[in-house]
Amino acid sequence: MEKGGGCPSVGGSYPQKNAEILSSQYGINLFLAGLLLTFAWAVHAVGISKSHLLSYLITLMLIQLLWMLWYLCRSCTQRRLIRDKDTHAGARWLKCGITLFAVITLILDSFKIGYYIDFSNCLSPTEGIFPVTHAVHTILQVYFLWCHAKDIIQSFKTLERFGVIHSVFTNLLLWTNGVLTESKHQLNEHKERLITLGFGNITIVLDDHAPQCNCTTTTLCSIFSQGIYYLYPFNIEYHILASTMLYVLWKNIGRKVEHHQQHKTPFKFHGITVGMIFGLVVLTSTIAIVVVYLIQIGRSKIKSELALTMFYLHAIFVLALMCTAGIVALLIYRLEDRSLDNSKNPARKLDAELLVGTAAGSWLLSWGSILAIICAQAHPKYTWYNLPYSVLVIIEKYIQNLFIIESIHREQEKVNDDIKTLRIVTISRGSTLSLTPSYKEIYNGRDVPDSREVPCLFKGSICRRENGGGGGAKGETSQDKTSVVHSASDFSFYSRNSVTNNKRRILKNIAAFLFLCNLSLWIPPAFGCRPEYDNGLEEIVFGFEPWIIVVNLAMPFSIFYRMHSAASLFEVNCKT
């Protein structure tokens, strides 16, 4: 195992590269084995039960717990050592977000424990062990990420690569398990709605994994079983966020960083009132639309069509606003002349790749809807609203990705010496003297080269000075002797600074508005408002089972895209 030391030799990079390749292959095989096990349980494969899947996940979590405890203990013993940190990784707001999701995940685990207790007569012991292990795993992992997400590991690098990549794919498997469980529940609800609406031409078989025994406390069982599925979206987001933060930690192992000052970019509400107001209006209206949709859908054919029409009209309006805001932001960027930061940054690179990669999920659904509308023989009235909705989804994500990726790659504006200084021209008895004291020097009252000349600073006014010399002939008023004026460059500086501030304020408002809009658009699919299931046109064109498979594969990426976009836009708002 390699230990940290001096500069590695030329050949020293080969063992590190081999360790990276070996660890990544280990993680991929770990994930594929778990993925096939999950798939086998989902399709009721012979000889595969839920207890086998949970046993595999419990084993992976226990191994990760052992590695995290070893890493934490070793870190405590080396507390006094100075370590490199990746200042771009593990931002405080990201840690706060994952902590919030983790807290809700712990509530989910407590519901699962209660559910197991009520059905303990006919459930496998692994279904009780799993939530307990998962709760301990969640607590320790969040603590680990808070303390060590920024670490750049330089010792025991081979072992650490395997430990971190094991953690990455363990979280991905837990995410996959959550997505599958939640998707099966949504699919069952969708099939029940189809039965209510009388779709006799579609073969409908409910995929029921409910326990084959009676609950000891009926009321509690109902609360636990229903509450679990409302909490799953937060559990899903928690695991995908954890896996991305751990992946950045894995990419940083053995990395050589340039030591430079990182400016902190705290979030401020000042100057983003307009964007926040419009965004909160969108968020409030979206929550209302989701509540009405979930109440009306499946009640009757007329109510379902009205619910779908209402959803599409609201989404079209919101997406059109988001497209307009994104275009305005890109036009402002085109008017500015600022270079891009192309330095090596694993966190920023991963953000950009995730934006484009996860957007493909909703693009797939949108193109499927567009093809279904074109190819369908009969078109109910509400399905025509699906066409502009699907087109706008494609365009909006395209524009938003451009805006976010350019924003996170733009260098922060630096304050140069011209902005720090004020040029003052002093006219005295036909001679001129140019002085450039800094604002800080003027403010602190430091002496300028001519101690008799004390510059006074007023916005847009002419400064005057008095001659300190004594004598009758020299006792004339300062107005007759001298005057101090701003040069033309100073006035142009004020105008440029004003324009720059206005542009920055517009960009911050756009980022705040898009942030709240993405949170708003995350809510409907995360909590069961999925017109891709309910409008029925795609299922008629592509067939029920093929379209449901497409939706179940693409929807998790679409949901994650909105949350990841919101996180990226929060960072853009802080950086602007």
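Here is the figure for the stretch 39-49: residues that are surrounded by 17 or more Cβ atoms within 10 Å (Cβ to Cβ) and not small (Gly, Ala, Ser) total 2. Residue count for the stretch 128-145, restricted to those that are in contact with a Phe, Trp or Tyr (Cβ under 8 Å, 6 or more places away or on another chain) and either under 18 Å from Phe234 (Cα atoms) or open to solvent by 40 Å² or more (accessible area, probe 1.4 Å) (or both): 2. Just one of the numbered conditions (1) open to solvent by 40 Å² or more (accessible area, probe 1.4 Å); (2) at pLDDT below 90; (3) within 28 Å of Glu571 (Cα to Cα) is not true of Ile374: (3).
To keep it simple, each residue is scored yes or no on (1) without any contact (Cβ under 8 Å) to a residue 40 or more places away in the chain; (2) out of contact with any Phe, Trp or Tyr (no Cβ under 7 Å at 6 or more places or on another chain); (3) buried (at least 20 other Cβ atoms within 10 Å of the Cβ).
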site	(1), (2), (3)
Ser110	yes, yes, no
Gly114	no, no, no
Thr126	no, yes, no
Cys147	no, yes, no
Arg161	no, no, yes
Ile165	no, no, yes
Val168	no, no, yes
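For the stretch 223-233, the criterion of a residue being modelled with pLDDT under 85 and part of a loop (DSSP other than H, G, I, E, B) is satisfied by no position. Among the residues of the stretch 21-38, the one identified as farther than 22 Å from Lys251 by Cβ and open to solvent by 80 Å² or more (accessible area, probe 1.4 Å) is Leu36. For the stretch 505-541, enumerate the residues that are open to solvent by 30 Å² or more (accessible area, probe 1.4 Å), assigned to a helix (DSSP H, G or I) and of a type in the set (Phe, Trp, Tyr). Once the filter is applied, which keeps residues that are open to solvent by 30 Å² or more (accessible area, probe 1.4 Å), assigned to a helix (DSSP H, G or I) and of a type in the set (Phe, Trp, Tyr), the stretch 505-541 yields only Phe515. Restricted to the stretch 300-339, and to residues there that are free of Cβ contacts under 8 Å to residues at least 12 places away in the same chain and basic (Lys, Arg), the residue that is farthest from Val281 (Cα to Cα) is Arg334. Condition check: surrounded by 23 or more Cβ atoms within 10 Å (Cβ to Cβ) and more than 26 Å from Trp384 (Cα to Cα). Does Ser558 satisfy that? When the stated conditions are applied, Ser558 does not pass them.
When the stretch 283-317 is limited to residues that are among the hydrophobic types (A, V, I, L, M, F, W, C) and surrounded by 21 or more Cβ atoms within 10 Å (Cβ to Cβ), the one that is modelled with the lowest pLDDT turns out to be Ile297.
The values are calculated or read from the model by the stated rules, or taken from the named source; none is laboratory data. Just so it is clear, the model here is predicted, and its values are computed rather than measured. Ideal geometry is used to build each Cβ from the backbone, glycine not excepted, and the neighbour counts take in all protein chains shown. Areas reflect the complete protein model, heavy atoms only, side chains present, ligands, DNA and RNA absent. Shrake-Rupley method; radii C 1.70, N 1.55, O 1.52, S 1.80 Å.
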